[in-house]
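Take a look at the structure set out below.
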Amino acid sequence: MSARTTMDAVSESAGPRRQRPDGAPSSAERKSRARSKVRRHLGRYWQLWVMLAPALGFLIVFAYVPMYGIQLAFREFDFAKGLTGGEWVGLKYFIQFFESPLFGDLMRNTVMISLATLVLGFLTPIALALVINQILHSRLRRIVQTVTYLPHFISIVVIVGMLQVFLSPSTGLITRFLAFFGLEDVNFLGSISAFVPVYVLSDIWQHTGWNSIIYLAALAGVNTQLYEAARIDGASRLQIIRHVDIPALVPTMIILLILNMGGVLNTGFEKVFLMQNTLNLPVSEVIATYTYKIGILSSQFSYSTAIGLFNTIINFAFLVIANQISKRASDTSLW
């Protein structure tokens, strides 16, 4: 038997070769190329992956692993059986929440506080950044930036303590000042009508300076020739802000607005909870505080999980809708 005949016999016994009629590589070859590409990538950038590993681990452990507990929203939680041993009840707890007498009040309070904080908290950092950008004296600019940044580093507990000291009906500095104008014994923290303004204004005071940093960074990237050309054409400061600064901020504004829409129903739990009392409870009870009281204090874990999942779904829906609207209207989006 010749050598060629022997090779043919071996080839036939090994089975038909996996070749595509169009000459494209087989699935095995594609997998092999993908693996080699990954090995080359890791060999080249392994230092960056090592630096990224702690952040990825933190995200996986504290953001993705807890998602396993979402199934509690569809089960009757049983301490003896654990997370997966309870009876499957479907949408029972979602329907219970929708039919609850508190559903309307919780949604109204949450939306009212969230939208007020979102709108005013979104516009004020832009205005502050535009003002700081117009300050030509570098030392004065640094002073203004430092003064406006500092409140961001004060803890929520201290902020609420300051509110209680300044707004105390009997000894508060602000209430004593208002007493000179005839407004005596005003209880801002116990007033239903004053709770939302106090919450929103204090939140703006605390975070406006810090949130303006990203807008100042965007303004720093504006070509200085645009300012020079505008001044040569006789543009005033307001006209420069309108025709140069604001158009430069629009992409950043859109991205941040989309991100903020993803948390439209996420009011600050700590601050609202610390500011709550029996007098302002009709307007201060929001989804976050109600979930805490139902889940932690009352041990209704399945019910509280359903409420939290409903809140998350609504926020995600707002995020997707805002992203799609922005993508169609301005060609700027997250994805």
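With the requirement that a residue be modelled with pLDDT of 90 or more, exposed (fewer than 14 other Cβ atoms within 10 Å of the Cβ) and of a type in the set (S, T, N, Q), what does region 128-163 give you? Correct list: Thr146, Ser155. Inside region 142-175, residues that are of a type in the set (Val, Ile, Thr), touching a helix residue (DSSP H, G or I) at 6+ places or on another chain (Cβ under 7 Å) and more than 22 Å from Gly268 (Cα to Cα) make up a count of 2.
Contact annotation: residue pairs with Cβ atoms under 7 Å, 6 or more positions apart or on different chains, pairing a residue in region 277-296 that is more than 22 Å from Gly161 (Cα to Cα) and without any contact (Cβ under 8 Å) to a residue 40 or more places away in the chain with a partner that is hydroxyl-bearing (Ser, Thr, Tyr) and surrounded by 20 or more Cβ atoms within 10 Å (Cβ to Cβ), are Thr291/Ser304; Ile294/Tyr303; Ile294/Ser304; Gly295/Ser304.
Note on region 290-301: among residues that are closer than 15 Å to Ser100 by Cα and buried (at least 19 other Cβ atoms within 10 Å of the Cβ), the one that is farthest from the chain's Cα centre (by Cα) is Ile294.
Just one of the listed residues (Leu118, Leu91, Leu123) is over 30 Å from Asn280 (Cα atoms) and either hydrophobic (A, V, I, L, M, F, W, C) or in contact with a strand residue (DSSP E or B) (Cβ under 9 Å, 6 or more places away or on another chain) (or both), namely Leu91. Given the conditions (1) part of a helix (DSSP H, G or I); (2) within 30 Å of Ser155 (Cα to Cα), and given that Leu265 satisfies all but one, which numbered condition is not satisfied? Result: Leu265 passes all but (1). Among residues of region 176-193 being in contact (Cβ under 8 Å) with a residue 40 or more places away in the chain and among the hydrophobic types (A, V, I, L, M, F, W, C), the one that is surrounded by the fewest Cβ atoms within 10 Å (Cβ to Cβ) is Ile192.
The values are calculated or read from the model by the stated rules, or taken from the named source; none is laboratory data. Because the structure is predicted, anything quoted here is derived from the model rather than measured. Don't worry about glycine lacking a Cβ; one is built from the backbone with ideal geometry, like all the others, and counts go over all protein chains shown.
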